[in-house]
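Trainee: One structure, as structure tokens, below. Some questions next.
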Protein chains: 2
Amino acid sequence: MSSSSPAQAPSPAIVFDTLQAYQRSVALRGAIDLDLFTAIAEGNTSLSKIAARIKASEKGTRVLCDFLTMLGLLSKPSSGEYGLTPDSAAFLVRHSPAYMGTMANFLMNPQVAGLLEDITAVIRHGGALPSDHGALEPEHPMWVEFARSMAPMMQMPAEAIAKLFAGDTKPIKVLDISAGHGLFGIAFAKRNPSAAVVGVDWGNVLEVAKENAAKAGVSDRYSTIPGSAFEVDFGSGYDIVLIPNFLHHFDAATNEKLLRKVHAALAPDGIAITPEFIPNEDRISPERDAMFSMQMLGTPAGDAYTFSELEKMFRNAGFTRNELRELAPFPQRLVVSQK
Amino acid sequence: MSSSSPAQAPSPAIVFDTLQAYQRSVALRGAIDLDLFTAIAEGNTSLSKIAARIKASEKGTRVLCDFLTMLGLLSKPSSGEYGLTPDSAAFLVRHSPAYMGTMANFLMNPQVAGLLEDITAVIRHGGALPSDHGALEPEHPMWVEFARSMAPMMQMPAEAIAKLFAGDTKPIKVLDISAGHGLFGIAFAKRNPSAAVVGVDWGNVLEVAKENAAKAGVSDRYSTIPGSAFEVDFGSGYDIVLIPNFLHHFDAATNEKLLRKVHAALAPDGIAITPEFIPNEDRISPERDAMFSMQMLGTPAGDAYTFSELEKMFRNAGFTRNELRELAPFPQRLVVSQK
């Protein structure tokens, strides 16, 4: 937000605005619940038509639409008329192939958002309090919600990674650790008809991955290993092991234990591919990656690790060479590690 | 947040970032609770010293400090060292005369933040649900919290308004409606030694105003009328009636009823001064004023009214002339209304 005060004069605006920032999340969750963006996409652009379509009061609809306009999620070409922005048209209209409204189910789930509820105690302790460790328990339903809700955000980056590493027709064996929705592994199977993919995750979560493999028409080359990635037998001879958004939940020693298992499961010229939120060494850029460390403070010992921290874990686990790859325009980056 | 995608390509970043925006409010509340800014002001600028001073883990302190740096509330001159910004030095260090950390107590109070908890139902209904109307009940303790917590944000604007309208020594009678902390009226009494000020609010809230009048040394010219502004007898012959941040809680008809009482209480050449969040007619600027309508959606029938809406209420109540005045650099504006 801009301030009209001279550059030298401190302004309390930033304090007020930051303490009110939660309203942005709340408003978007409400708009997604009411399917507001779909209503506008259907041609309801006047306040009265939008309100009628979403079955809401005109006043509430007006306040919500104006708020979303200020957030950059709607346009307001004239008084009382609203339009979609390119972003909301692509990601928040229910019949869009890239619909991401489900993300609100996970990111604003009380189990996720609530991790930071007792923020003062969490900062003191340096992580989730012992009473909050539930999400890392076996078969926790939060990860089924994750697999169903966050898949849309991962679809495009998964395809971009497969394009880089899946090859064309050469037979490859791919292991997808903490597969979740399964999209990272499935993208390899879709791109390379000779790829065989194995997903590892809790049994209840793998049901979602199997559904997605069936939808993608690759069920015959998609198998699963249910259980803890720290305990199950991965098998061996994999050309590629995917470790998407998993290491950020654990401390370095725990990750090294997992990475030694990954190293052993890889073929001699195999690689591990790790899509992650990876802050720069200054830990304050890129903002989205660096800010993810606050979310991870809600876990017992996780973090958004820098490349040098990840590199050390991979090296300690026996990997010879690690490379940081950008995945722009997607908001994550990759570590590519040679066995 | 910046995006590295080309301008044409839609990016899901805005959806992800908006759904995570609540973490900004949570993080600042945590930093205020831990008195982090005061610790840094005392000369603790290294991570280890800050953590020791606020009695928190180094990891939690590091994540919090980096997050606040990205929000613009800290600087990070070098790795592991942090500094205050001009804004955090002025408003978030406990011994600063303009300390505003108490604002978190009100703005993130469950009674305030919780107004929007069931956002979907609130938008449908166009305001707070009947079960949530408690804050407008007589003597609700939320307004004592308001009076204690929000006073620091109002100190400077109150003094700026008094400078404009209190005169020097000419005897004036001032009525301060919904006085709360009392600072608006007290500023008139401080500036003009011949000003007599009457504060109206619930009895429990007026105790805070009386404390502040005593601290300002103006108790002998500060009197109170406890009760509902809609019901008590204001008296008459006032030169100035202040109506700070009150009209936004009610619908237009209710406000007109109040404003007729105000009109009757004013001397023939008296004026009403109304500091408010006043959006422009487009309702999407200035952002802070316009966004306030979302907060007010949590009330039964309140709103952030435009100048034309406020002008109509004042005109219907008998006022002859209304003027919109900027109060920059403070984040509110004034309506000045001639009897």
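Trainee: For region A:203-320, what are Rg and Dmax over the alpha carbons, in angstrom?
Mentor: Cα-based Rg and Dmax for region A:203-320 come out at 15.6, 45 Å.
Trainee: Could you give the angle, 0 to 90 degrees to the nearest 10, between helix B:203-215's Cα long axis and the longest principal axis of the Cα atoms of chain B?
Mentor: Helix B:203-215 sits roughly 80 degrees off the main axis of chain B.
Trainee: Name all residues of region A:239-277 having a backbone nitrogen under 19 Å from the label point set 7 Å from the Cα of A:Arg321 along its Cα→Cβ direction, giving them as ranges.
Mentor: From region A:239-277, the list is A:239-241, A:263-264, A:266-274.
Trainee: Then there's this: Would you mind checking A:Lys210/A:Lys312; A:Lys55/A:Lys210; A:Lys257/A:Lys339; A:Lys257/B:Lys59; A:Lys55/B:Lys261 for any pair whose Cα atoms are more than 26 angstrom apart?
Mentor: A:Lys210/A:Lys312; A:Lys55/A:Lys210; A:Lys55/B:Lys261
Trainee: What angle do you read, to the nearest 10 degrees and between 0 and 90, between the alpha-carbon axis of helix B:287-296 and the longest principal axis of chain B?
Mentor: In chain B, helix B:287-296 runs at an angle near 80 degrees to the longest axis.
Trainee: Another question about this same structure. What percentages, rounded to whole numbers, describe P(r) for region A:133-199 computed over all alpha carbon pairs with 10 Å bin width beginning at zero?
Mentor: 22, 45, 24, 9, 0
Trainee: Extending each Cα 7 Å along its Cβ direction at B:Asp269 and B:Ser228, get the distance between those two points in nm, one decimal.
Mentor: Distance between label points: 3.6 nm.
Trainee: Put the label 7 Å from Cα along Cα→Cβ for B:Ser308; what are its distances to the other copies, in nanometres, shortest first?
Mentor: Copy-to-copy label distances for B:Ser308: 5.9 nm.
Trainee: Right, here's the next one. Grab the beta carbon distance between A:Glu58 and A:Ala89, set R0 = 22 Å, and tell me the FRET efficiency rounded to 0.05.
Mentor: Result of the calculation: an efficiency of 0.40.
Trainee: Ok, one more. Looking at the protein assembly as shown from every direction and averaging, what is the projected area of its Cα convex hull in nm²?
Mentor: Details: hull surface 121.2 nm².
With every direction weighted equally, the projected area is 30.3 nm².
Trainee: Give, as a single signed number, the net charge of other residues whose beta carbon lies under 14 Å from the beta carbon of A:Pro244, with Lys and Arg counted +1 and Asp and Glu -1.
Mentor: Counting the neighbours of A:Pro244, the net charge comes to -2.
Trainee: Sticking with this one: By how many nm would the segment from A:Ser285 to A:Glu207 lengthen if fully extended, with 0.36 nm per residue of separation less the alpha-carbon distance? Write out the running numbers ahead of the final one.
Mentor: Numbers: separation 78, 0.36 × 78 = 28.08 nm, distance 3.63 nm.
Extra length available between A:Ser285 and A:Glu207 comes to 24.4 nm.
Trainee: Counting only Cα, what are the radius of gyration and maximum Cα-Cα distance Dmax of region A:89-193, in Å?
Mentor: 17.3, 53
Trainee: All other residues with a Cβ under 13 Å from the Cβ of A:Met100 taken together, and with Lys, Arg as +1 and Asp, Glu as -1, what is their net charge?
Mentor: On the way: positive: A:Arg29, A:Arg94, A:Arg148; negative: A:Asp87, B:Asp17.
Here the charged neighbours net out to +1.
Trainee: Next question, about the same structure. Distance between Cα centroids, region A:175-211 to region B:257-280: provide it in whole Å.
Mentor: Centre-to-centre (Cα) distance: 66 Å.
Trainee: Once you have all Cα-Cα distances for region B:131-257, histogram them in 5 Å bins from zero and send the whole-percent values.
Mentor: 2, 11, 22, 25, 20, 12, 5, 2, 0, 0
Trainee: At each listed q (0.08 Å⁻¹), what is the log10 of I(q)/I(0) that the Debye formula gives for chain A modelled as equal alpha-carbon point scatterers?
Mentor: -0.44
Trainee: Considering only DSSP beta bridges with both partners in the protein assembly as shown, what is the antiparallel share in %, to the nearest 5?
Mentor: Of all bridge pairs located within the protein assembly as shown, approximately 45 percent are antiparallel.
Trainee: In addition: If the viscosity is 1.306 mPa s and the temperature 10 °C, what Stokes-Einstein diffusion coefficient in µm²/s follows for region B:30-81 when Rh is the Kirkwood radius over Cα pairs?
Mentor: Working: Rh = 10.6 Å.
Reported coefficient: 150 µm²/s.
Trainee: Of the DSSP beta bridges with both residues in chain B, give the percent that are antiparallel, rounding to the nearest 5.
Mentor: The answer is about 45 percent antiparallel.
Trainee: Report the net charge of residues surrounding B:Ser194, where surrounding means a beta-carbon distance below 14 angstrom and charges are Lys +1, Arg +1, Asp -1, Glu -1.
Mentor: Combined, the nearby Lys, Arg, Asp and Glu give +2.
Trainee: Please list, in chain and number order, the residues 5+ apart from A:Val241 or on another chain whose amide H is under 5 Å from its amide H, with Hs placed from the backbone.
Mentor: A:Leu175, A:Ile271, A:Ala272, A:Ile273
Trainee: Using a Gaussian network model on chain B with a 10 Å cutoff between Cα atoms, which of B:Glu276, B:Glu58, B:Glu211 fluctuates the most?
Mentor: B:Glu58
Trainee: Order by neighbour count: A:Ile225, A:Ile123, B:Ile243, fewest other Cβ atoms within 10 Å first, most last.
Mentor: Numbers: A:Ile225 19, A:Ile123 29, B:Ile243 24.
Fewest to most other Cβ atoms nearby, the residues stand as A:Ile225, B:Ile243, A:Ile123.
Trainee: Roughly what angle does helix B:252-265 make with the longest principal axis of chain B, taking Cα atoms, 0 to 90 degrees, to the nearest 10?
Mentor: Here the helix axis deviates by roughly 50 degrees.
Trainee: Taking chain B as a Gaussian network, where each spring joins two C-alpha atoms under 10 Å apart, which residue of B:Pro279, B:Pro329, B:Pro193 fluctuates the most?
Mentor: Top of the fluctuation ranking is B:Pro329.
Trainee: Using only C-alpha atoms and all pairs of different ones, pull out the Kirkwood radius for region B:164-214 in Å with one decimal.
Mentor: Values: mean 1/r = 0.0926 Å⁻¹.
10.8 Å is the Kirkwood radius here.
Trainee: Continuing with this model, one more query. Taking 22 Å as R0, compute the FRET efficiency from the Cβ-Cβ separation of A:Ser194 and A:Met156 and round it to 0.05.
Mentor: Working: r = 24 Å, r/R0 = 1.07.
The value I calculate is 0.40.
Trainee: Calculate the all-directions average of the projected area of region B:207-258's alpha-carbon convex hull, and give it in nm².
Mentor: Values: hull surface 18.5 nm².
Hull-based average projected area comes out at 4.6 nm².
Coordinate-derived values only; no laboratory data. The structure displayed is predicted, hence computed values, not measured ones. No Cβ is skipped: glycine too gets one built from the backbone with ideal geometry, and neighbour counts run over all protein chains shown.
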